[in-house]
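Computed from the coordinates by the stated procedures, all read-outs in this text should not be read as laboratory data. Every value quoted in this text rests on a predicted model; they were computed, and no experiment measured them. Cβ placement follows ideal geometry from the backbone for every residue including glycine, while neighbour counts extend to all protein chains displayed.
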C-alpha cells in the first residue's frame, strides 16, 4: 500500500531515465539500468518503512534522499552496476 501513492511512478521513471543516461558512461545497458532503478526504488521504500515512515502515508518525495544515500553509500552508479 505504501507505494500506491501519488508520484511514486514519477520518481521511478525519473530514476530509470537518470540511470540509463548515467549508466551509458559505465557500459550499463538500458535493461540493467531499469532493473537497478526498480531495486533502488523499492529498497528506499523498505528502508523508510523500517525506520517507521509508512507504509501508510509514505510520500514519493521521501524516497529521493534515501535513493541518493544508497547510491553514495555504494560508491555510485559504477559500483552498483556491477551487482
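Looking across the stretch 26-39 at every residue that is touching a residue at least 40 places away in the same chain (Cβ under 8 Å) and assigned to a helix (DSSP H, G or I), the one that is surrounded by the most Cβ atoms within 10 Å (Cβ to Cβ) is identified as 33. None of 16, 53, 20 is under 11 Å from the mean Cα position of the chain (by Cα) and either closer than 18 Å to residue 69 by Cα or not in a loop (DSSP other than H, G, I, E, B) (or both) except 16. Just one of the listed residues (45, 60) is in contact (Cβ under 8 Å) with a residue 24 or more places away in the chain, surrounded by 14 or more Cβ atoms within 10 Å (Cβ to Cβ) and in contact with a helix residue (DSSP H, G or I) (Cβ under 6 Å, 6 or more places away or on another chain), and it is 60.
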